[in-house]
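Notes follow once the structure below has been shown.
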Amino acid sequence: MSKLYRPEAFVMPQGIYMDGNSLGLMPHSARRAVERRLNDWAEQAVMGWDRWFDLSETLSPQVARLVGAQPDEVISTGSITTNLHLLISTFYRPEGERRHLLATELDFPSDLYAMRSWADLHGAELRLIPSRDGQTLHPDDIAAAITDEIALVLLPVVLYRSGQLLDMPRWTEYAHAQGCVVGWDAAHSIGALPHNFHDDGADFAVWCTYKYLNAGPGAPGGLFVHERHLGTMPALRGWWGNDKTSQFKMAGDYERGAGAGAFQLGTPGILSLAGLEGALEVYDGVDLQELRARSLELTELLMTLADEQLPEMQMVTPRDPAERGGHISLQWEHNKQVSLALRARGIVPDFREPGILRLAPIPFYNSEDDVRRTVQVIREIVDSGEYREIVDGGAVS
Ligand SMILES: Cc1ncc(COP(=O)(O)O)c(C=O)c1O
């Protein structure tokens, strides 16, 4: 068994949990950290701020390691969507012909809403890199869309539906060569694989912490701003981004904080931050290359078994390990019912329209047996026709 396998570090449900790419399981260390912060509040009331004031900043070294950044290039704050607004407002500078925004037609809707907001505000276009197969992006199409009319391009590190992994150094370099600012959404890659945001030279990046990082529902997300931009004034400012040493002088003039922390807005949610504080302990001492290697072993097994045993389902995740993240996606018209039938059998998968069953074997708490059992139960559900009995109850979270 892999030494990364530590289900005892988590509150494990009955059955098999394959949905860590949507909401990671609760680490005991996260619960303890939240309880600690609750006790601070109970015992110290407002004096607790002595401990909480720079809690986000104190987490930065651990977060920075996960994304290959320097500690002052990252901050834990907001959500992906709010962080996108903060960063686009600052780094989107349309000028002359170079005025449009570029995303991909396979992006998570909130990224598109945020990007379109800024296109609308500036009377510009949000252009979308098309997908040939509706699941993945072809390198030629990415290259063709990044032109000298694009001011800012936002790309997903791992596509949320298909699990395709984009070549971050390649596209960062390419976009820069075309004169564009480039930002990345690492929602589906942080905690699943190593990153090198600093060396790759990304201008900015955003992520959430409730998926692979297990920090809890609605835990604060994170943002990265490359060192070369740390002197840039955030376009949208709040007192929590003020320099820490003068924040409580309550001056009318904003004094920019030194690092990416300058992009914070208001008072952080300390109890949610505590979830992240505790969850990060799980990663202490974990070699991210080993974690990635183990994740690839598990997804490889899953793909092989799905190929053998689930021929009616189309594998939409790229087979090349260099092109896939931490989850596997199978498409079949009845997969919404299949995913509900799986839950009824004690196996929690993930589902996204249209017909995409997403399965994420997590090295910390999933084993080869979990993978085998999951594929076997899907086969049984399909063969028995029990999925047909499932009434479509609307949205599947
Ligand atoms: C790829 C991607 N981008 C953005 C979001 C939205 O994140 P948030 O709700 O933290 O703004 C999600 C949420 O799952 C996501 O998967």
>> Consider the range 213-237. How many of its residues are away from the ligand (no atom under 11 Å from the Cβ) and not aliphatic (A, V, I, L, M)?
In response: 11
> Somewhere in the range 379-396, is a residue touching a residue at least 60 places away in the same chain (Cβ under 8 Å) and not assigned by TED's automatic domain parsing to the domain that holds residue 293?
Replying inline: yes
>> Looking at the range 228-241, can you tell me whether even one residue there is touching a residue at least 12 places away in the same chain (Cβ under 8 Å), in a helix (DSSP H, G or I), within 30 Å of residue 18 (Cα to Cα) and open to solvent by 10 Å² or more (accessible area, probe 1.4 Å)?
In response: no
> Restricting the range 106-140 to residues that are open to solvent by 70 Å² or more (accessible area, probe 1.4 Å) and within 16 Å of the ligand (Cβ to nearest atom), which is farthest from residue 206 (Cα to Cα)?
Replying inline: 116
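Tell me, which residue of the range 249-289 that is part of a loop (DSSP other than H, G, I, E, B), of a type in the set (D, E, K, R) and in contact (Cβ under 8 Å) with a residue 12 or more places away in the chain is surrounded by the fewest Cβ atoms within 10 Å (Cβ to Cβ)?
By that ranking, first place goes to 284.
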> So which residues in the range 20-43 are among the aromatic types (Phe, Trp, Tyr) and in contact with a Pro (Cβ under 7 Å, 6 or more places away or on another chain)?
Replying inline: none
> Which members of the range 176-215 meet the condition of being crowded, with 24+ Cβ neighbours inside 10 Å and at positive phi?
Replying inline: 191, 214
> From the list 103, 143, which residue is open to solvent by 20 Å² or more (accessible area, probe 1.4 Å), touching a residue at least 24 places away in the same chain (Cβ under 8 Å), within 23 Å of residue 316 (Cα to Cα) and out of contact with any Ser or Thr (no Cβ under 9 Å at 6 or more places or on another chain)?
Replying inline: 143
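Among the residues that make up the range 181-190, is at least one of them of a type in the set (Asp, Glu) and over 27 Å from residue 327 (Cβ atoms)?
So the first thing to find is which residues in the range 181-190 are of a type in the set (Asp, Glu), and the list is 185.
In the following step, the residues that additionally are over 27 Å from residue 327 (Cβ atoms) were identified as none.
No; the residues of the range 181-190 include none that is of a type in the set (Asp, Glu) and over 27 Å from residue 327 (Cβ atoms).
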> So residue 73 clears everything in (1) of a type outside the set (Phe, Trp, Tyr); (2) closer than 19 Å to residue 209 by Cβ; (3) within 15 Å of the ligand (Cβ to nearest atom) except one condition, right? Which one?
Replying inline: (3)
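Are any residues in the range 72-85 in a helix (DSSP H, G or I) and open to solvent by 10 Å² or more (accessible area, probe 1.4 Å), and if so, which ones?
Let us first name the residues in the range 72-85 that are in a helix (DSSP H, G or I), namely 72-73, 80-85.
Matches in the range 72-85: 72, 80, 81, 82, 85.
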> Do any residues in the range 107-118 that are within 11 Å of residue 82 (Cα to Cα) have Cβ atoms under 6 Å from those of residues that are of a type outside the set (Ser, Thr, Tyr) and open to solvent by less than 50 Å² (accessible area, probe 1.4 Å), where the two are at least six apart or on different chains, and which pairs are they?
Replying inline: 111/185; 114/84
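The values are calculated or read from the model by the stated rules, or taken from the named source; none is laboratory data. In this text, all values refer to a predicted model and were calculated from it rather than measured experimentally. In this analysis, Cβ positions are derived from the backbone assuming ideal geometry, glycine residues included, and neighbour counts consider all displayed protein chains. With ligands, DNA and RNA removed, areas are computed over all heavy atoms of the protein, side chains included. Shrake-Rupley method; radii C 1.70, N 1.55, O 1.52, S 1.80 Å.
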